[in-house]
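Engineer: Before we start, here is the structure in question, set down as structure tokens.
The values are calculated or read from the model by the stated rules, or taken from the named source; none is laboratory data. As the structure is a prediction and not an experimental result, all values here were calculated from the model. Quick reminder, even Gly has a Cβ in these numbers, built from the backbone with ideal geometry, and neighbours come from all protein chains shown. Surface areas here come from the heavy atoms of the whole protein model, side chains and all, with no ligands, DNA or RNA. Shrake-Rupley method; radii C 1.70, N 1.55, O 1.52, S 1.80 Å.
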Amino acid sequence: MRILKAYPVAAKVKGEGLIDFSNLSVLIRDYDIEYSVDGPVDVERVGEGVYRIRAKSGGRVTFRIVAYGNFDEYSVEKTVEVLGG
């Protein structure tokens with residue numbers, strides 16, 4: 001759980017950017033990444049754990065990382081503010 005809380009994610013992206021979670025596979029064995037969008041933001045998965053974010057005006061993307069343990073699951077949300085480009 002500590003690994004998920006400390007995992008670095010960009011806090012702001014201007015116009016377009018990549019959010020990379022690909023290193024999580026080294027730290028955690030079994031996990032899923034979900035996302036929700038607030039505002040006119042396009043999110044596209046471009047690789048294993050890599051997401052492209054685009055916005056012409058402002059918005060927000062919240063990524064939810066769910067890690068599965070032996071008998072339970074843990075989740076952490078990371079929010080990225082997307083500024084208009």
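Engineer: For the stretch 9-56, which positions are within 15 Å of Val80 (Cβ to Cβ) and hydroxyl-bearing (Ser, Thr, Tyr)?
Structural biologist: Answer for the stretch 9-56, where residues must be within 15 Å of Val80 (Cβ to Cβ) and hydroxyl-bearing (Ser, Thr, Tyr): Tyr35, Ser36, Tyr51.
Engineer: Taking the stretch 12-61, which residues are among the β-branched types (Val, Ile, Thr) and either touching a Ser or Thr at 6+ places or on another chain (Cβ under 6 Å) or under 17 Å from Lys78 (Cα atoms) (or both)? Break it down into steps so the answer makes sense when it comes.
Structural biologist: Of all residues in the stretch 12-61, those among the β-branched types (Val, Ile, Thr) come to 13, 19, 26, 28, 33, 37, 41, 43, 46, 50, 53, 61.
Matches in the stretch 12-61: Val13, Ile19, Ile28, Ile33, Val37, Val41, Val43, Val50, Ile53, Val61.
Engineer: Follow-up question, since we're still on this one. Can you pull out the strands (runs of 3 or more DSSP E) entirely within the stretch 1-82 that have at least 3 residues that are touching a strand residue (DSSP E or B) at 6+ places or on another chain (Cβ under 9 Å) and either open to solvent by less than 40 Å² (accessible area, probe 1.4 Å) or modelled with pLDDT of 90 or more (or both)? If you could, list the steps in order and put the result at the bottom.
Structural biologist: Numbers: elements: 12-14, 16-20, 31-38, 41-47, 50-55, 59-68.
By residue number, 16-20, 31-38, 41-47, 50-55, 59-68.
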